[in-house]
Amino acid sequence: MSIFFYHTSLAILPLFFVLSFARFGANKLAIALSIMLGILCGFICFNAFFSIANIDNAKMFFEIFNIILLLLLPLTNIFKREYFTLWLSFLLSLSYAFIYRVISMDFAIFSGDLLDSFSLSNLFMVCFGFVLSGFVFLLMRSLLKNLAKPVKIIIYALTLILLIAQSLGAFLLSLMQEGIIQTYTTLLSFSAKLIYMSEFLPIILSILCVLCALISLKAMPALKNYSDIIAYRQSKAMRYKMLRECAFSVILAGVISAIVLFYLLIASKPPKISEPIIVEPQNGAFIFDAKSLMDNDLHRYAYITDSGRKIRFLLLNRFKDKLAPVAVYDACAICGDMGYIKKGDDLICISCNVRIFLPSVGKPGGCNPIPLDYSFDGQNIRINLDELEKGANFFSEVVEKMVLDPVSRELISNNSKFNYLYYGRVYYFKNAQNQANFEANASQFVEINGTLKDLK
């Protein structure tokens with residue numbers, strides 16, 4: 001859920017924050033309409049570009065368009081023409097809304113056709129992000145009135161630099177991705193640093209808001225003498241107002257920063273799979289008691305081949321009310337070997353977060369786990385070693401394992417530089433002499449299927 005708030009604060013919060021510095025007229029309705037219509041038009045533009053054009057090219061256009069608008073924004077404080085400010089705020093809102101839709105395009109608010117609790121939670125976080133950004137706009141408009149002009153200019157300039165850096169980093173990266181400019185190491189590093197900084201932009205802007213509130217307290221009027229009751233009440237009301245704004249800015253910044261940090265440090269990190277149980281075959285096969293799967297948990301195992309390849313596989317029961325075991329590789333033909341976790345009645349692919357209905361596990365296609373040949377006699381699940389080893393190429397993790405030298409029958413590491421491929425199986429040797437003896441007459445030491453022969 002926090003990702004929806006994060007996307008909103010990443011695009012909409014900078015928009016509202018920087019617009020708080022613009023010189024608007026007294027017509028609050030016109031201000032609200034220019035911003036809201038701009039956001040609406042930005043959403044419409046995204047849908048249009050998504051249907052008829054390359055969205056990446058459109059994103060590059062709006063990133064550079066955004067930079068130009070930000071550079072023009074200070075002119076609103078010079079020309080002091082309300083129509084100019086309103087048009088600029090409209091265009092800037094359109095640009096940021098388009099960027100917001102690009103950022104969030106792969107994350108659907110509604111998970112299905114039905115309006116379930118998960119979808120409502122996502123929608124709430126989006127709305128919550130918009131509301132808090134609106135509060136920041138109103139609060140900053142009030143705080144800036146109490147700041148000295150030099151301080152206001154410094155914070156304004158810092159805000160523009162941060163927002164231009166955000167768009168510039170994304171623009172440069174897009175240029176390199178599209179091959180428009182050459183990917184120089186220095187330029188790529190510069191772009192990466194800008195993008196990394198931009199990830200924390202909502203927190204930085206929240207801190208600036210608190211800073212403005214604290215600095216504004218210097219302009220707090222002294223409490224007038226009670227003998228002049230009107231002046232006393234006016235000064236008291238002003239002091240309370242400024243203290244409330246300061247307290248509200250701290251609370252607002254705390255809420256925004258807490259949710260953003262939760263996403264960046266916790267929620268954005270992919271879940272980790274449980275450590276698999278390492279198993280060894282007995283008489284060329286793995287045998288498991290199917291009744292152990294009735295706990296409806298995900299049972300993760302791994303077999304390490306002699307070459308060190310770690311083959312993970314899963315055993316689980318597809319139904320709660322009856323025994324229906326299934327064995328699959330802990331890998332996806334599309335997403336690779338990041339693995340799966342189980343939540344409720346769903347199996348979830350860690351790589352793409354796709355939820356897989358348990359009864360469909362074992363079937364090929366889509367993001368389902370790669371099927372594994374097994375047999376079930378009503379009591380035990382049997383997986384042949386040669387069948388399991390067919391999936392070795394699905395996994396990338398290689399670990400050290402102690403294996404038998406087929407010549408000397410000594411335990412050695414599979415990191416040995418002396419090795420030989422024989423009928424699809426790699427054998428490791430203690431020294432070059434053992435390898436040479438094996439190569440000269442391999443059938444003397446092993447069967448074709450890898451079974452070691454008795455040495456005479």
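The numbers here are math on the coordinates, done by the rules we state, and not lab data. Remember, predicted model here, so these are calculated numbers, not experimental data. Note: ideal-geometry Cβ built from the backbone for every residue, glycine included; neighbour counts use all protein chains shown.
Partners of LYS343 within straight-line reach, counting aspartates and glutamates whose Cα lies under 16 Å from its Cα and excluding those fewer than 8 residues away in the same chain: ASP295, ASP297, ASP330. Counting only lysines at least 8 places from LYS80 when in the same chain, those with an alpha carbon closer than 23 Å to its own are LYS28, LYS145, LYS149, LYS152.
The alpha-carbon positions of the stretch 227-360 define a convex hull whose volume is 193 Å³ per residue.
Restricting to Cα pairs below 8 Å that are 6+ residues apart, what does the relative contact order work out to for the chain? Please round to a whole percent.
In percent, rounded to a whole number, it is 12.
Projecting label points 7 angstrom from Cα along Cα→Cβ for ASN27 and GLN444 puts them 10.0 nm apart. Counting only Cβ charges, +1 for Lys and Arg and -1 for Asp and Glu, the dipole size of the stretch 277-394 around its Cα centre is about 360 debye. Under DSSP H, which helices of the chain have Cα atoms covering 20 Å or more of the helix axis and a Kyte-Doolittle average no less than 0.5? TM-like helix candidates: 2-19, 28-52, 55-72, 82-103, 117-144, 149-177, 185-199, 201-216, 229-262. Label sites at THR186 and ILE287, each approximated as a point 7 angstrom past Cα along Cα to Cβ, lie 6.8 nm apart. Here's the picture: charge each Lys and Arg Cβ at +1 and each Asp and Glu Cβ at -1 in the chain, and of PHE17, SER117, ILE67 the one pushed furthest to the positive end of that dipole is PHE17. By its C-alpha gyration tensor, with a ≥ b ≥ c as the square roots of the eigenvalues, how is the stretch 2-267 shaped: rounded for a/c under 1.5, else prolate for a/b larger than b/c, else oblate? The shape class here is prolate. Amide H contacts of VAL446 (H built 1.01 Å from N, in plane; Pro and chain starts excluded): LYS453 sit under 5 Å, all sequence-distant by 5 or more or on other chains.
Taking every Cα-Cα distance in the stretch 309-456 and sorting them into 5 Å bins starting at zero, the pair-distance distribution P(r) comes out as 2, 9, 15, 16, 13, 12, 10, 9, 7, 5, 2, 0 percent. Ordering of 13-23, 172-182 by packing is 13-23, 172-182, highest average first (other Cβ atoms within 10 Å, averaged per residue). For the stretch 380-425, the list of GluC sites (Glu not before Pro) that fall in a loop by DSSP and count at most 14 other C-beta atoms within 10 angstrom reads GLU397, GLU400, GLU410. For the stretch 402-444, the alpha-carbon coordinates run over 22, 21, 16 Å along the three principal axes, in decreasing order.
Can you compute the charge dipole magnitude of the chain about its Cα centre, using +1 on each Lys and Arg Cβ and -1 on each Asp and Glu Cβ, nothing else charged? Give it in debye, rounded to the nearest 20. Mind dumping the intermediate values first?
On the way: 41 positive and 33 negative charges, 552 e Å.
Computed charge dipole of the chain: roughly 2660 debye.
Using C-alpha pairs below 8 Å separated by at least 6 residues, the relative contact order for the stretch 402-444 is 35 percent. Restricting the trypsin sites (Lys or Arg not before Pro) of the stretch 385-415 to loop positions (DSSP other than H, G, I, E, B) with no more than 15 neighbouring Cβ atoms within 10 Å leaves ARG409. Once the Cβ-Cβ distance of LEU261 and PHE107 is raised to the sixth power relative to R0 = 22 Å, the FRET efficiency obtained is 0.70. Restriction of the trypsin sites (Lys or Arg not before Pro) in the stretch 414-446 to DSSP coil positions whose beta-carbon has at most 10 other beta-carbons within 10 angstrom yields LYS417. For the stretch 162-263, the share of alpha carbon pairs falling in successive 5 Å distance bins from zero is 2, 12, 14, 12, 11, 10, 9, 8, 6, 5, 4, 3, 2, 1, 0 percent.
With viscosity 0.692 mPa s and temperature 37 °C, the Kirkwood radius over alpha carbon pairs of the chain converts through Stokes-Einstein to a diffusion coefficient of 120 µm²/s.
About its Cα centre, how strong a charge dipole does the stretch 50-174 have in debye, to the nearest 20, once Lys and Arg get +1 and Asp and Glu get -1 at the Cβ?
On the way: 8 positive and 6 negative charges, 169 e Å.
Taking the Cα centre of the stretch 50-174 as origin, the dipole is about 820 debye.
Can you give the FRET efficiency for TYR83 and ASN57, using 1/(1 + (r/R0)^6), R0 = 25 Å, r = Cβ-Cβ distance, to the nearest 0.05? Present the calculation step by step, with values, prior to reporting the outcome.
Details: r = 31 Å, r/R0 = 1.25.
So, using R0 = 25 Å, E works out to roughly 0.20.
With a Förster radius of 60 Å applied to the C-beta separation of MET238 and VAL399, the computed FRET efficiency comes to 0.30.
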